[in-house]
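The values are calculated or read from the model by the stated rules, or taken from the named source; none is laboratory data. None of these values were measured; they are calculated from a predicted model. Cβ placement follows ideal geometry from the backbone for every residue including glycine, while neighbour counts extend to all protein chains displayed.
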Amino acid sequence: MFTTILVQPLFNLLAVIYALIPYRDFGVAIILLTIVVRLILWPLVNKQLHSQKALQELQPELQRIKSQTAGDKQLEGKMVMELYKEKEINPFASFLPLLIQLPIFFALFIVLRDVVKPIEIAHLAYEPVKNLGPIMDIIKGHANFDPKFLGLIELAKPSPIIALLAGIAQFIQTKQLQPKQQSKDAQAQMMAGMTYLFPVVTFVIGLTLPSALALYWLTTSLVAILQQYLVLRQDVVELEASIDDAPTKPSRTKTPATATMPAAAKPKALPADRSGVKFAPKTSSKSKGGKA
């Protein structure tokens, strides 16, 4: 059943990509296969990243609960679950994509193990895939399958270069999700240690397995770094938008100076005679050669 559900579909998808791309580069086919798999898993990955980000933002509140319970594990667990329920966060959602990717990784291991055997190719390939020219030539022995990347790296054997690159990409992927301000409790210290442990494990495993698997893991990490960047950037944009849309207090407008001018400062009206006609104050003037 495992072969029918995962191994065969992955094998045929890889075979179709290999048959259609120019120059029949097996490494390029693996990269394209990885991108397709990551796009299929994008809804789950997107949910996983949001869950991880939300859990990181809750760290101060989790620390507060831990200090309040003073070592009472039962009360602490109850308060933590109530906090998750209040914030609508599933702490186990981040593990689902990982659980799905592990069977895919093992299925791909079987695919890469059997793809160099013409008998296994004929056994795993669907009928329409068998009729593709390059696949038919391999099955009939008219052409040899060359599992190389860029014509240089033998993907059927371990490659220290690809293993090292996979470890570096794994480190960047893990570091990208860590909060900038980390607490100093035991759990935070353990998570910080995992940031350095996982890349080392990836590198060591990459040295023992065919480099095709290390290339798959390297591509997976690179695509994940891009996806994490997009999700985290989206969260920042949404946060800034929510701040901009928040109601602000109305600003106090200054009234004109004349409106608040005291009565004494206002210009006096011109005097008027009894008929109501206003006239300006008299000014003395001297005419040329006349008396004042």
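Within the range 26-73, the residues that satisfy the criterion of being modelled with pLDDT of 75 or more, of a type in the set (Gly, Ala, Ser) and closer than 21 Å to residue 102 by Cα are 27, 29.
Condition check ((1) at pLDDT 90 or above; (2) under 26 Å from residue 102 (Cα atoms); (3) assigned to a loop (DSSP other than H, G, I, E, B)) across all residues:
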{"site": "166", "(1), (2), (3)": "yes, yes, no"}
{"site": "184", "(1), (2), (3)": "no, no, yes"}
{"site": "187", "(1), (2), (3)": "no, yes, no"}
{"site": "194", "(1), (2), (3)": "no, yes, no"}
{"site": "235", "(1), (2), (3)": "no, no, no"}
{"site": "250", "(1), (2), (3)": "no, no, yes"}
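Give me the residue from the range 109-123 that is in a helix (DSSP H, G or I) and within 25 Å of residue 206 (Cβ to Cβ) and, out of that set, nearest to the chain's Cα centre (by Cα). Write out each step before concluding.
First, pick out the residues of the range 109-123 that are in a helix (DSSP H, G or I): 109-114, 118-123.
From what is left, the residues that are within 25 Å of residue 206 (Cβ to Cβ) are 109-114, 120.
Details: 109: 27, 110: 30, 111: 29, 112: 29, 113: 32, 114: 34, 120: 38 Å.
Out of the qualifying residues, it is 109.
Criterion first (touching a Phe, Trp or Tyr at 6+ places or on another chain (Cβ under 8 Å), more than 16 Å from residue 171 (Cβ to Cβ) and modelled with pLDDT of 90 or more) does residue 215 satisfy it? Yes, satisfied.
Would the range 89-104 turn up any residue that is of a type in the set (A, V, I, L, M, F, W, C), surrounded by 15 or more Cβ atoms within 10 Å (Cβ to Cβ) and free of Cβ contacts under 8 Å to residues at least 40 places away in the same chain? There is at least one residue in the range 89-104 that is of a type in the set (A, V, I, L, M, F, W, C), surrounded by 15 or more Cβ atoms within 10 Å (Cβ to Cβ) and free of Cβ contacts under 8 Å to residues at least 40 places away in the same chain. Residues in the range 157-167 that are surrounded by fewer than 18 Cβ atoms within 10 Å (Cβ to Cβ), in contact with a helix residue (DSSP H, G or I) (Cβ under 7 Å, 6 or more places away or on another chain) and among the hydrophobic types (A, V, I, L, M, F, W, C): 1 in all. Where helices (runs of 4 or more DSSP H) fall wholly inside the range 12-108, the ranges with 1 or more residues that are closer than 30 Å to residue 137 by Cβ are 26-40.
Annotation note: Cβ proximity below 6 Å between a residue of the range 128-153 that is at negative phi and among the acidic types (Asp, Glu) and a residue that is surrounded by fewer than 16 Cβ atoms within 10 Å (Cβ to Cβ) and outside any strand (DSSP E or B) (sequence gap 6+ or interchain) occurs for 137/143.
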